[in-house]
Amino acid sequence: MIRKLMKKDSGFTLIELIIVIAIIGVLATLAVPAFNNATKSARVASARALASTINSGVIQTYITNQTTGAADFPHDTDDSGPGNDFKTALVDASTVAGWTYSHSEADDNTIQGHSWLLDADNAIRVVYAVGDITAGNQTRYNVYFSTAEAAFTSVGSQNLDEADLAGLPASGDGKL
């Protein structure tokens with residue numbers, strides 16, 4: 001009899017286990033959407049950072065060109081031909097790892113567009129547009145990024161606005 005009183009059953013009851021599993025389930029349903037939003041925010045921040053870096057490269061190249069007498073913004077003379085190095089002309093190669101480069105022109109054919117599409121999310125795109133390429137001088141530019149929520153978010157520009165960029169890429173496969 002004394003042994004029965006001293007012996008204690010160990011372990012959890014079924015109710016206790018169900019309550020713990022329910023609590024874990026509730027916490028998981030709260031955490032997953034927050035994680036998805038954090039991923040999307042990080043991708044948009046990556047696009048904003050790339051656009052700012054490209055904008056800095058454009059301004060630096062413009063200032064350098066002014067010292068040589070040609071006050072032009074950088075443009076690509078090779079289009080998207082094999083071996084085109086314009087993808088990394090304004091930024092370090094490691095900065096655009098994970099981005100796919102392409103080249104296009106606006107509807108009026110005087111605006112050249114350089115586009116970087118995020119490989120992990122094809123709804124996010126960064127575009128550098130340079131103007132008046134047919135006139136022999138590139139005196140206008142705009143750097144913008146595009147997401148599914150906002151097709152045009154300009155980071156820096158000189159006399160080139162969204163209306164001038166008709167036909168250039170926007171989020172995903174869209175056009176401005």
*Just for the range 115-135: of the residues that are of a type in the set (A, V, I, L, M) and assigned to a strand (DSSP E or B), which one is farthest from Q66 (Cα to Cα)?*
L118
*Only residues that are part of a loop (DSSP other than H, G, I, E, B) and either free of Cβ contacts under 8 Å to residues at least 24 places away in the same chain or of a type in the set (V, I, T) (or both): list them for the range 88-103, please.*
V91, D92, A93, S94, T95, V96, A97, G98
*Quick one: in the range 141-154, which of the residues that are of a type in the set (A, V, I, L, M, F, W, C) and surrounded by 22 or more Cβ atoms within 10 Å (Cβ to Cβ) is farthest from R48 (Cα to Cα)?*
V143
*asked:* For T61, only one of the following conditions fails: (1) more than 20 Å from the chain's Cα centre (by Cα); (2) part of a loop (DSSP other than H, G, I, E, B); (3) under 25 Å from S46 (Cβ atoms). What is its number?
replied: (2)
*Which one of these does D164 not meet: (1) within 19 Å of I54 (Cα to Cα); (2) modelled with pLDDT under 90; (3) crowded, with 19+ Cβ neighbours inside 10 Å?*
(1)
*May I ask you to say which residue of T77, T64, T53, T110 is closer than 18 Å to Q158 by Cβ, among the hydroxyl-bearing types (S, T, Y) and at pLDDT below 85?*
T110
*Pick from Q112, Q138: which is of a type in the set (S, T, N, Q), within 21 Å of S56 (Cβ to Cβ) and not in a strand (DSSP E or B)?*
Q138
*Please state which of the following conditions T147 fails to meet, knowing it meets all the rest: (1) modelled with pLDDT under 85; (2) farther than 23 Å from D72 by Cα; (3) touching a Ser or Thr at 6+ places or on another chain (Cβ under 8 Å).*
(1)
*Specify the residue that is surrounded by the fewest Cβ atoms within 10 Å (Cβ to Cβ); the eligible residues are those in the range 54-63 that are closer than 15 Å to N137 by Cα and not aliphatic (A, V, I, L, M).*
T61
*Under the condition of being small (G, A, S) and in contact (Cβ under 8 Å) with a residue 12 or more places away in the chain, which residue from the range 105-138 is surrounded by the fewest Cβ atoms within 10 Å (Cβ to Cβ)?*
A135
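The values are calculated or read from the model by the stated rules, or taken from the named source; none is laboratory data. Quick caveat: nothing in here was measured; it's all calculated off a predicted structure. When we count neighbours, we look across all protein chains shown, and the Cβ atoms used for this are built from the backbone with ideal geometry, even at glycine.
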